[in-house]
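Values quoted throughout were computed directly from the atomic coordinates according to the rules given, and no laboratory measurement underlies them. What you are looking at is a predicted structure, and each value in this text was computed from that prediction instead of being measured. No Cβ is skipped: glycine too gets one built from the backbone with ideal geometry, and neighbour counts run over all protein chains shown.
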Amino acid sequence: GAGVSQSPSNKVTEKGKDVELRCDPISGHTALYWYRQSLGQGLEFLIYFQGNSAPDKSGLPSDRFSAERTGGSVSTLTIQRTQQEDSAVYLCASSTQVGATIDTQYFGPGTRLTVL
Amino acid sequence: QKEVEQDPGPLSVPEGAIVSLNCTYSNSAFQYFMWYRQYSRKGPELLMYTYSSGNKEDGRFTAQVDKSSKYISLFIRDSQPSDSATYLCAMSALYGNAGKSTFGDGTTLTVKP
């Protein structure tokens, strides 16, 4: 079946502009995660959703970052007034449910964001 | 100090070599230990996971966890050029922590034919 998809695959924007990144999880997966991966770094947790609610927003770097999920499916990560330090690959993952014995997360290919 | 530290590499080995990838951690709440493989410009894919201490083998891959030392390893036997990728360790606490994983920074492995 289809995996996690993300769009756009690449986004180049100017400093100060807003961007929206989209994630389509695997059908039926109730949990959805956003991570950020800077060059040569590991994954930095941003936010997760269980259904449409986001119990843990602790990883969002600043109030310029927000995310929503509608219909328990598609999620959008929005970055307002982008800064150069926001340049990174933004990865989305989904899993069957939060808190399962082992929460196997399936990752999308990521959106590579470049802020000029 | 980061919760999870991973040997940075890069690592370059000849085909057929045994590879050892390692991570240490500081959070004693971690119970689930995972290894992901990430090819260039792709998302990570789960290779193996283990729960608590012990070894787990899957083909050419062996994951080892030593909770007393807060140290985990991934061994790759008979390494192949197709194993060339970045390997990320990840850990999470018990149920109730939302399965949120804490990742190491990754080790880039190149296996030369």
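Would you give the gap between the C-alpha center of the stretch A:31-71 and the C-alpha center of the stretch B:19-46, rounded to a whole Å?
Between the Cα centres of the stretch A:31-71 and the stretch B:19-46 lies a distance of 19 Å.
Based on DSSP, what percent of beta bridges with both residues in the protein assembly as shown are antiparallel, to the nearest 5?
Approximately 90 percent, going by the DSSP bridge assignments.
Looking at the calculated P(r) for the stretch B:1-96, what percent of the C-alpha pair distances fall above 24 Å?
That tail contains 18 percent of the Cα-Cα pairs.
Full-extension gain between B:SER40 and B:LYS67, please, as 0.36 nm times their residue separation minus the C-alpha to C-alpha distance.
So the extension gain works out to 6.6 nm.
Hey, in the GNM for chain B with a 10 angstrom Cα cutoff, which one of B:ALA29, B:ALA63, B:ALA90 fluctuates hardest?
Looking only at B:ALA29, B:ALA63, B:ALA90, the biggest GNM fluctuation is shown by B:ALA29.
Taking chain A as a Gaussian network, Cα atoms linked when under 10 Å apart, which of A:GLY40, A:GLY59, A:GLY28 shows the biggest mean-square fluctuation?
A:GLY40
Give me A:THR111, A:THR104 sorted ascending by neighbouring Cβ count inside 10 Å, so fewest comes first.
Taking fewest neighbouring Cβ atoms as first place, the list is A:THR104, A:THR111.
Over the alpha-carbon set of the stretch A:5-109, work out the extent along each principal axis and list the three values in angstrom, largest first.
40, 29, 25
Per residue, what volume in Å³ does the convex hull of the Cα atoms of the protein assembly as shown enclose?
Taking only Cα atoms, the protein assembly as shown has a hull volume of 125 Å³ per residue.
What nm value, rounded to one decimal, do you get for the distance between B:LYS112 and B:GLN1 when each label is placed 7 Å out toward the C-beta?
Computed distance between label sites B:LYS112 and B:GLN1 equals 3.6 nm.
Which loop-located GluC sites (Glu not before Pro) does the stretch B:8-62 contain, where loop means any DSSP state but H, G, I, E or B and the Cβ has at most 14 other Cβ atoms within 10 Å?
Sparse-neighbourhood loop GluC sites (Glu not before Pro): B:GLU15.
Anything over 32 Å Cα to Cα? Flag those among A:LYS57/B:LYS112; A:LYS17/B:LYS112; A:LYS15/B:LYS112; A:LYS11/B:LYS100, in the order listed.
Where the Cα-Cα span goes over 32 Å, the pairs concerned are A:LYS57/B:LYS112; A:LYS17/B:LYS112; A:LYS15/B:LYS112.
Counting chymotrypsin sites (Phe, Trp or Tyr not before Pro) as exposed when in a DSSP loop with at most 15 other beta carbons within 10 Å, what is the longest stretch of chain B free of them?
Free of exposed loop sites, the longest segment is B:40-94.
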